[in-house]
Amino acid sequence: MGNRTPLFETHKAMGAKLVDFAGWDMPIHYGSQIEEHHTVRRDAGMFDVSHMTVVDLIGAQTRPFLRHLLANNVDKLQDEGKALYSCMLNEQGGVIDDLIVYFLHESWFRLVVNSGTRAKDIDWITTHAKPFGVDVVEQPELAMIAVQGPNARDKVLSVLDAPARQPAADLKLFFGTEHDDWFIARTGYTGEDGFEIMLPGSEAVAFWNALKDAGVEPCGLGCRDTLRLEAGMNLYGADMDESVSPLVSGLGWTVAWEPADRGFIGQAALTSEREAGAKHKFVGLVLEDKGVLRNHQKIIADDAAEGEITSGSFSPTLGRSIALARVPAGTGTSCRVEVRGKLLAARVVKPPFARNGKAQIELD
Amino acid sequence: MGELPGDLKYSKSHEWVRVNDDGTVTVGITDHAQDQLGDMVYVEVPERGRELEAEEACAVVESVKAASDVYTPLAGTVIEANEALADSPEAVNQDAYGAGWLMKLKPASSGALNDLMDPDAYQAFIDAE
């Protein structure tokens, strides 16, 4: 038996198919992954993401610590509640994890990291926090529910307690607000507007049921993956890991190079890599032929150099197979992919493939 | 999922076989198999005329989640394949024993069906999985 979130019995009662997900028994879908995908693009769906790891960093030196720990620069966070996406690197510039950091106040920042990397993340963060006197406090009792889609915010606001409603309604993109033990953020992993809500586990079932009554459909982690893929958002462990840097993972934009003397972990290695010039680039692919692109399929560029699909699947919005891929730097506008023994034609595109309810790629 | 159709035979790799009046057989994947795989997004069926050996991989069903080989339960020649699945792979989910059929074969021998399971045996087999 795996770990279970406070919503486990609720998922079963709602007909979820449960699978192991980084040691957690989580819903993959409640009937149709594709229907759930469309619901999020067109209306509002909710995901139990309580398996994710919430870590609070407490102490007067938290900001200097995070300036050192993260490849993005927390000095971009000057307004309370603001969130920042960043990679956490090792000294070689490899990605230990990607995460969201929320600035609550100067002595309290909150991280949300992946569940599959929880143990190594906590070790790494704790080790590097020591010299700064920062306390690393996990919050395992918090549940987390993501509500996403064009109607997600309205539906969430309709069921929130009155005192939390206005602050939540006023949230700008990529901001969060704290209310009692609840934390409501206008963030997500689908390419749609919505909220991610952290709340005490004991209140999760009632809130989930209230959302259901307000017309928010339960969605499994299966469509969360196709939604994030369409949105061009990376998945840790597939699109990047400790063996590659953000520069060849489509995450160069998350690296804050200035000020050059910040001294974040991995900076020296990244700087060398940048100066040497990257041998690979990270792109989107749309399959032109019939079939489905999958993780680890081999890519052959026009000059016979090889690349690899890092995550591939079927895009319900486009009705085509799509992928994120690491390809030779010289790859042009098309390539071939080895799919089950055949070479299929794919077009090279710039992600995202779909966001805010719409395709972002023109199909011929 | 409903009851298993009583007139079909079943394989351990979750294909079903229907014997048609003219002695040919129709092959598909079971409702249990499609339920395990999830929403189908691509189906590749064998070419007409292809000679298949028993348990040879001859078709591919791909769901959002993964690609899976389909193995022919019987040796034989492909006399027809369900080309409509190219545009409507979801038929495998919606009607696994009907519109979701994959291919029709002319079996190489008539006795081969005896190696397959009847509905009760297949039900027991999936219950034990």
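The values are calculated or read from the model by the stated rules, or taken from the named source; none is laboratory data. What you see is a predicted model, and the numbers here were worked out from it, not measured in a lab. Cβ: placed from backbone, ideal geometry, glycine included. Neighbour counts: every protein chain shown.
Per the listing A:Phe314, A:Phe353, the residue uniquely within 30 Å of B:Ala59 (Cα to Cα), more than 14 Å from chain B (Cβ to nearest Cβ), under 25 Å from the mean Cα position of the chain (by Cα) and not acidic (Asp, Glu) is A:Phe353. B:Ser109 meets all of the listed conditions (1) surrounded by fewer than 15 Cβ atoms within 10 Å (Cβ to Cβ); (2) touching a residue at least 60 places away in the same chain (Cβ under 8 Å) but one, namely (2). Within region A:228-265, can you find the residues that are in contact with a Gly (Cβ under 9 Å, 6 or more places away or on another chain) and either of a type in the set (D, E, K, R) or exposed (fewer than 15 other Cβ atoms within 10 Å of the Cβ) (or both)? Hits for region A:228-265 are A:Arg228, A:Glu230, A:Asp239, A:Asp241, A:Glu242, A:Ser243. For the residues A:Asp25, A:Asp48, A:Asp43, A:Asp56, the requirement of being acidic (Asp, Glu), at pLDDT 95 or above and touching a Ser or Thr at 6+ places or on another chain (Cβ under 7 Å) singles out A:Asp48. Quick check on my filter: what residues within region A:181-240 are part of a helix (DSSP H, G or I), among the acidic types (Asp, Glu), under 13 Å from the mean Cα position of the chain (by Cα) and closer than 21 Å to A:Leu7 by Cβ? Hit for region A:181-240 is A:Asp225, nothing else. The residue of region B:71-87 that is farthest from the other protein chains (Cβ to nearest Cβ), among those that are in contact with a helix residue (DSSP H, G or I) (Cβ under 8 Å, 6 or more places away or on another chain) and not in a loop (DSSP other than H, G, I, E, B), is B:Ala84. Picking from residues in region A:1-22 that are within 14 Å of another protein chain (Cβ to nearest Cβ) and in a loop (DSSP other than H, G, I, E, B), the one that is surrounded by the most Cβ atoms within 10 Å (Cβ to Cβ) is A:Ala16. Do the conditions hold for B:Ala121, that is, is it out of contact with any Phe, Trp or Tyr (no Cβ under 7 Å at 6 or more places or on another chain), in a helix (DSSP H, G or I), more than 14 Å from chain A (Cβ to nearest Cβ) and surrounded by fewer than 18 Cβ atoms within 10 Å (Cβ to Cβ)? So B:Ala121 passes the test. Taken over region A:99-118, residues that are buried (at least 22 other Cβ atoms within 10 Å of the Cβ) and within 10 Å of A:Tyr236 (Cβ to Cβ) amount to 3.
Residue count for region A:118-156, restricted to those that are touching a residue at least 60 places away in the same chain (Cβ under 8 Å) and over 26 Å from A:Ala204 (Cβ atoms): 5.
Mind listing whichever residues of region A:56-65 are in contact with an Asp or Glu (Cβ under 9 Å, 6 or more places away or on another chain) and crowded, with 21+ Cβ neighbours inside 10 Å?
At the first step, the residues of region A:56-65 found to be in contact with an Asp or Glu (Cβ under 9 Å, 6 or more places away or on another chain) are A:56-60, A:62-63.
Answer for region A:56-65, where residues must be in contact with an Asp or Glu (Cβ under 9 Å, 6 or more places away or on another chain) and crowded, with 21+ Cβ neighbours inside 10 Å: A:Leu57, A:Thr62.
Is it fair to say A:Ser158 is assigned to a loop (DSSP other than H, G, I, E, B) and of a type in the set (Ser, Thr, Tyr)?
On the way: assigned to a loop (DSSP other than H, G, I, E, B): no; of a type in the set (Ser, Thr, Tyr): yes.
No; evaluated as a whole, the condition is false for this residue.
Could you list all residues from region A:23-43 that are touching a residue at least 40 places away in the same chain (Cβ under 8 Å), outside any helix (DSSP H, G or I) and crowded, with 17+ Cβ neighbours inside 10 Å?
Here is the first cut: in region A:23-43, the residues touching a residue at least 40 places away in the same chain (Cβ under 8 Å) are A:23-24, A:26-30, A:33-34, A:36-43.
Next, from what is left, pick out any that are outside any helix (DSSP H, G or I): A:23-24, A:26-30, A:43.
Answer for region A:23-43, where residues must be touching a residue at least 40 places away in the same chain (Cβ under 8 Å), outside any helix (DSSP H, G or I) and crowded, with 17+ Cβ neighbours inside 10 Å: A:Trp24, A:Met26, A:Pro27, A:Ile28, A:His29, A:Tyr30, A:Asp43.
Would you say B:Gly38 is under 16 Å from B:Asp95 (Cα atoms), within 14 Å of chain A (Cβ to nearest Cβ) and buried (at least 16 other Cβ atoms within 10 Å of the Cβ)? Against the criterion (under 16 Å from B:Asp95 (Cα atoms), within 14 Å of chain A (Cβ to nearest Cβ) and buried (at least 16 other Cβ atoms within 10 Å of the Cβ)), B:Gly38 qualifies. Assess whether A:Asp75 counts as being assigned by TED's automatic domain parsing to the domain that holds A:Leu227, in a strand (DSSP E or B) and not polar (S, T, N, Q). Against the criterion (assigned by TED's automatic domain parsing to the domain that holds A:Leu227, in a strand (DSSP E or B) and not polar (S, T, N, Q)), A:Asp75 does not qualify. Just for region B:51-109: of the residues that are in contact with a Cys (Cβ under 9 Å, 6 or more places away or on another chain) and not β-branched (Val, Ile, Thr), which one is nearest to A:His29 (Cα to Cα)? Taking the candidates together, the pick is B:Asp69. Is it the case, given these coordinates, that A:Lys155 is of a type in the set (Lys, Arg), at pLDDT 95 or above and more than 24 Å from A:Leu221 (Cα to Cα)? No.
Looking only at residues that are assigned to a loop (DSSP other than H, G, I, E, B) and of a type in the set (A, V, I, L, M, F, W, C) in region B:56-70, which one is nearest to the other protein chains (Cβ to nearest Cβ)? In this case the residue turns out to be B:Val64.
Take the conditions (1) among the β-branched types (Val, Ile, Thr); (2) within 14 Å of chain B (Cβ to nearest Cβ); (3) over 22 Å from the mean Cα position of the chain (by Cα); A:Ile309 misses just one of them, which is (3).
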